[in-house]
Ligand code: HEM
Ligand code: HEM
Ligand SMILES: [Fe+2]
C-alpha cells in the first residue's frame, strides 16, 4: 500500500464480508424451507428470506467494488484519494442504510415497510433484486454519486491508466443503469423490459468491465507482466463484452410480450457472450505463465485464476446452456436458471471481490505484501470448500432443473408443478447439505484473517 | 513504382498476421458472430423458402452492387496505404486512407438510401422473417462499417502526426486488418441475402 | 524475393480487378433472375473464392506460416458448408 487514503477500503471490505455471512445464512434458511415448508413459520416467510439473501448479495458486492476502487484507483493514479473523508462518511451512510433496510425486511411486513417509507409517492418497490424501499434506493444513488465524484477527481488529478478508465466506465455504467430502478411503468411488458436494463446490463455489461479491471490490476501486481500487454487484453475483452452483452439482453425478451425478432437477436448475440469470459480465462492463465516474479501472496493468485475459470463456467457455460430461445422455452424460470445464477454470481462477482480482498487485505492490515503461510493455507482451504460447494450446488440444481423441465413442460401429459417439486426434493436436500459445507468453507475463510497474524510472510522472490 | 521494391522485401514469411495480434483475436470473435448469423439465415430460410425468395426480389440489387464495389475498392485503397507506409511514404499513406474512408461514406449513403426506401414502405423488423434477417444482418454490418471508418480515421490522424514509418507501422496494419474484415463479411453477405435463391 | 509486378500491375491490383469482375458476375446472375440449387451454390462458391482472395492478398495471410495462415479459410469453410447444407436441404424439400 503506497497511499494512506487507500486504507478506507478496509471498512468496505469488512462490511462486505459481514453481509456475505448474512447472505449465506438466509440462503440456508430458504434451502431448508424448500424441503420443510413450515420451517420458521410464521416468523420468516420465504419471500423475505429470499429478499435478504439476494439484496445482501448485491449490496455486499457493491461494497466490495467500492472498496476495490478506493484501493486500486489511488495506486494506479499514483496519488492520494481526492476526498478520503467523503469515502469514510459514505461508508457509514451506506452501511447504516443497508442495516436499516434489512431490519425493515425482517421486522415489518413488506407492505408496512412500503407504507412507512412512503412508497406510493414514487413507487419502486416489489421487483426482484430491486425490492429496497425508495428511500434506500435514493440513498444508494447519493452514495454512488459521491463515490464517482471522489474516484473521478482522483483519476483526473493523477496518472490515467487504462485500468482506471475501464473501472470508472464500469462504475459509471453501474450507476447509470441503476437509475432504471426508479422507472416503474404500469405496463407489465415495459416494466420487465426496463427491469432487465438494471439486472442484465449490470452483470453481463458494466460489471464485466469492473471485473476485467480488477482482475487486470491484481494480475499486473502479482505477475509483473508488462502493463501494455495486459491493457491490450482489457480492450478486447471490454469491446467483446459490450458488443455481445448489450444486444444479448434479448435473451430475456423471448416470452414477455416483446417483438419476435428478439428471439433471434437474443439467441445469436447472447450465444456469443461466453467469448469475453473465455478470453478472460485465457488472459489470466497466459499472464500467470508469463509471470516475471513470484508474488508471496499465493492465495490472491489462486483467487484470480479461480475467478477466471469459474466465471467462464458459471456465466459462459451455464449461461449458454439455456440461452438459445428454443431451449429457454423449456427452461425459463426453472431450477436451471437458479443453478446458473448461483455459479455465475459466485464465479464472477463473489470471486473477484474475494480476489481483491485477498490481495489488498494484508497490506491494509499493515503487512508488506502477504499473510503468513499458515493464514494463506487456511484461506486456500476456504477457497476450495466454497468453490467446490458452489459447483455441487450448481450440479444439483441443474439436475433438479432438467427433471423439472422434462416432467413439467414436456411430453403429452405434463406433471403438475407441485407433484414435480416432490419428485425432485432429493436434489433440494443435497443442495441444502452442500450449502452447509459452503457455510463451513466461509467460516474457514473468515478464520484465516485471524490466524498466523504474528508470523512472518512466506519467503518468495521480492515483492514490490 | 519506387515503393514496391521495399514493400516486397519487408513481406517475408511470418508466423503472425499483419497488425497487432490483439485485433486478430477481436476479428475472429467478430467473424464468429457473423458466421452464426449467416448460418441462422440459411437454416431459417429452409422453412420459409417461398417467403425468402419472394422478398429477396424486393431488395435493390443495384445498390448492393455499388456497395460491394465501394467496399472492395476501399479495401484495395487500404492495401495501398499499407504499401505506402512500408515505403516510408506517410503522405501517400494518408491519402490512400482518406480515399478508403471516402468509399466507406459511399457505402453508408447508399445503404441509408436503401433503408429509407424500405422504411417509407413501412417495412420493419416485425414485417416478416426475411426482412428481420435482412435488416438485422445489414444493420449490424453497417455499424461495423462505421466502426471501421473511425479506426481508419484514427490511423490517418496518427499518420499525420508522424507516428508511422517504414520500420514502425503496426498501427496501420492493425486498422487495415479490421477494415478488410468488414469487407470480407460483406462479400458473403451480398450474395447470400441479395442473390442466392 | 517474389516478382512483384505482372504486366506492370502489382499483385494486389490484379486481385482487385478479379474481385470486381467476380462481383459483376454475381450481380448479373442476380439480374437474370437465375435460381436453383446449382446457381445458388455457384454464387456461393464465387463469394467464398472472393473471401479467400481478400484473406490471402489483402489481409496478407498468404505470407503467414502455421496456425495463423488459416483463420479466414476456416471462417469461410464453416459457414460455407452450413449454407450449402441448408440450401441443399431447401432444394430437396421443394422437389
Ligand atoms: C457473471 C455473469 C452473469 C451473472 C451474474 C448472471 C446471473 C443471472 C441470474 C441471477 C439470472 C436469473 C435472473 C432472474 O430471472 O431472476 C440469470 C438469468 C439468465 N442468464 Fe445469466 N448471468 C450471467 C451471465 C450470463 C451469460 C454470459 C449468459 C449467456 C450466455 C446468461 C444467460 C442467462 C439466461 C438465458 C437467463 C434467463 C433464464 C430464464 O429464462 O429463466 N447469463 N442470469
Ligand atoms: C456465494 C454464494 C451464493 C450466491 C452468489 C447466491 C446467489 C443467489 C441468487 C443470485 C439467487 C437468485 C436466483 C434466481 O433468481 O434465479 C439466489 C437464490 C437462492 N439461493 Fe443463493 N446464493 C449463494 C449461496 C447460497 C447457498 C449456500 C444457498 C443454500 C443452500 C442458497 C440458496 C438459495 C435459494 C434457496 C434461493 C432461492 C431460489 C428460488 O427463488 O427458488 N444460496 N441465490
Ligand atoms: Fe442476461
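Every read-out reported here was derived from the displayed coordinates using simple, explicitly stated rules and does not represent laboratory data. Please read these numbers as outputs of a predicted model, since none were measured by experiment. Don't worry about glycine lacking a Cβ; one is built from the backbone with ideal geometry, like all the others, and counts go over all protein chains shown.
Observations, loosely collected:
- Each label point was placed 7 Å from the Cα along the Cα-to-Cβ direction; for residue C:45 and residue A:282 their separation is 3.4 nm.
- For chain B, modelled as a GNM whose springs connect Cα atoms under 10 angstrom apart, the maximal fluctuation among B:64, B:40, B:99 occurs at B:40.
- Exposure proxy ranking, count of Cβ atoms within 10 Å, fewest first, for C:74, A:151, A:440, B:85: C:74, A:440, A:151, B:85
- Counting only DSSP H runs of at least 4 residues, each contributing -39500 (n - 2.57), and dividing by the residue count of the protein assembly as shown, the helix-based mean residue ellipticity at 222 nm comes to -24500 deg cm²/dmol.
- Here r is the Cβ-Cβ distance between residue C:25 and residue A:175 and R0 is 45 Å; the resulting FRET efficiency, rounded to 0.05, is 0.25.
- Isotropic mean projected area of the C-alpha convex hull, segment A:1-160 (nm²): 9.9 nm²
- Segment A:11-83 versus segment B:61-138: alpha-carbon centroid distance in Å: 50 Å
- Among B:65, B:97, B:46: highest mean-square fluctuation, GNM of chain B, C-alpha pairs under 10 Å: B:46
- Kirkwood Rh, Cα atoms: Rg over Rh of segment B:2-195: 1.04
- Å³ per residue enclosed by the Cα convex hull of chain C: 97 Å³
- Computed over segment B:2-195: relative contact order in percent, which uses C-alpha pairs under 8 Å that are six or more apart: 35 percent
- Note on A:361, A:272: ascending count of other Cβ atoms within 10 Å places them as A:272, A:361, the fewest first.
- Estimated distance in nm for a label pair at residue C:17 and residue A:246, the labels positioned 7 Å out from Cα along Cα-to-Cβ: 4.3 nm
- Residue exposure proxy: A:448, A:372, B:74, B:63, ordered by other Cβ atoms within 10 angstrom of their Cβ from fewest to most, comes out as B:63, A:372, A:448, B:74.
- Distance from the C-alpha centroid of segment A:217-250 to that of segment B:141-156: 21 Å, rounded to the whole angstrom.
- Helix A:188-201 and the longest principal axis of the Cα set of chain A meet at an angle near 30°.
- Choice from B:146, B:113, B:181 showing the highest fluctuation, given a GNM over chain B with Cα pairs closer than 10 Å: B:113
- Each semi-axis of the equivalent ellipsoid for chain A is √(5λ) with λ an eigenvalue of the Cα gyration tensor; in descending order they amount to 34, 25, 24 Å.
- Residue-span extension gain [residue A:239 to residue A:103] - 0.36 nm each, minus C-alpha spacing: 44.9 nm
- Computed label-point distance, nm, for sites residue B:112 and residue A:256 using a 7 Å Cα→Cβ extension: 3.3 nm
- Histogram of C-alpha separations across segment A:290-433, 10 Å bin width, %: 11, 32, 26, 16, 10, 4, 0
- Once the C-beta distance of residue A:115 and residue C:81 is scaled by a Förster radius of 60 Å, the resulting FRET efficiency is 0.40 to the nearest 0.05.
- Once the C-beta distance of residue B:16 and residue A:41 is scaled by a Förster radius of 56 Å, the resulting FRET efficiency is 0.30 to the nearest 0.05.
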